[in-house]
Amino acid sequence: MRRILGFSLLTVLLGAFGYFSTINNQTVEVQLYGPVSIHVSLWVLVLGTLVLGWLLTEIYLMIRHPDRWFARIRGGWQARRNTKWQQRLDDFQTAYLRHDLGAARKALKRIQGDAPPLSVVLQSLALQRYALGGDALKEEYAKLREQHPQNLELLLPYLRAALEWEDWDLAGQLGRELDRLQPGHPVALEGLRQVAIAQSEWMVCLEQERALMERFPQSVVVENLTEAHLAHLRQAFRTMPKRLENWKLNYLPKRDKALQNLFEVFGDAAKLHGAGEAYQAAKRLKKGFEKTGAPELLEELEHLYHASGASEAILELIGELYGSKYRTPLLRLIYAKLLYQNGRYGDAAQVLADTDEEEAANEPVVQLKFLVAMRQENAQEALAAAAQLLPEQSLIPSGREAATLLLAPKSDDGPPA
């Protein structure tokens, strides 16, 4: 700040001095040699003296302290280069944000000679995502991986790109490498989770999801993951119950005892079904539903009915459940659907007739009513259900739409009248 003030004051003084010297024609005669002399304005002489003094000072400093003098010169030159470099980076960033591929390529060429940082190269690849095919991008990423092995800055976008390409083998390899370099990294956990889902490796999927929930319980990722995780748990209990015998749910954000019991029922039923005791498995699901009221058990009971070859005994078991105090809209729909699929159209119609007004308006119930009425050749019921499925108002355009259709110009390409 002092230098700026001093320079400003000196400039003002020199300007004032030069102004008055010019007005008064104040000159100085400098005798060079013999008869040769020159006339110089006074303010020019003062300015030249200052410049000469500055040059002599710099020469003195260069001779007396050469290291510091050259370091100062190099620092000034480096600062100038850094300013130009930053300007080129800013130009590239602007082109990147605007997704201007041409401007980004020009800016990148200006940076190429100075070895651009990896972040700039990755941003350039992200831009080319809309210009290059998957094979070309894979080749570019593979080259970068050879040049920068075990680099987190490269692995993160490379893993996201592999997931987008649905190259599950590559994504699994990158996810494991990322997890090895940075254990518990959320991008690695999420990537390995998606790979496990695609390859139906439910135990791996559950382990990654549990790790996400334990490490990041308050994140929006976990909020959106909970329902999918419960569905994956049901799938795992259905297909591999023995491997989940000691699986505890204490990591879930809203865990309760009923939820733990629910998956215990899933596991028990899966074991019984795997041992060839489908009816006992159905009884275990029925008992579990009576205890917890979980709708997932009804869905599993329906799945078990089909998996057992449409067992009449299981259907009667569902009928017993329907006749008890545990009757729910979902149970009514499932029971009516199974009766219809078993050819018992009259019984299905009787079950559907027991629905209340709100439940009867649900589309699956209306669809089933229509199918049952068609099988029974009940035209009146079929028409009533069809009217609910396809209301008359949906076929008639509103006033504004009708006016638009009437006022729209007719095409000359239309068929002849």
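Results, tabulated for the structure shown:
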{"item": "Candidate set: the range 279-314, residues that are of a type in the set (A, V, I, L, M) and out of contact with any helix residue (DSSP H, G or I) (no Cβ under 6 Å at 6 or more places or on another chain); chosen: the one farthest from Asn342 (Cα to Cα)", "result": "Ala307"}
{"item": "Matching residues in the range 291-317 - criterion: being in contact with a Lys or Arg (Cβ under 9 Å, 6 or more places away or on another chain) and farther than 24 Å from Arg344 by Cα", "result": "Glu296"}
{"item": "Residue that is modelled with pLDDT of 75 or more, of a type in the set (Phe, Trp, Tyr) and within 22 Å of Tyr158 (Cα to Cα), where the choices are Tyr96, Tyr130", "result": "Tyr130"}
{"item": "Among the candidates Leu132, Leu125, residue that is under 24 Å from Arg180 (Cβ atoms) and of a type in the set (A, V, I, L, M)", "result": "Leu125"}
{"item": "Where a residue in the range 366-382 is within 12 Å of Gly346 (Cβ to Cβ) and its partner, wherever it lies, is in a helix (DSSP H, G or I) and charged (D, E, K, R), with Cβ under 9 Å and at least six apart", "result": "Val372/Glu381; Ala373/Glu381"}
{"item": "Selection status of Glu264, in a helix (DSSP H, G or I) and over 30 Å from Leu244 (Cβ atoms)", "result": "no"}
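The values are calculated or read from the model by the stated rules, or taken from the named source; none is laboratory data. What you are looking at is a predicted structure, and each value in this text was computed from that prediction instead of being measured. We place every Cβ from the backbone using ideal geometry, glycine too, and count neighbours over all the protein chains shown.
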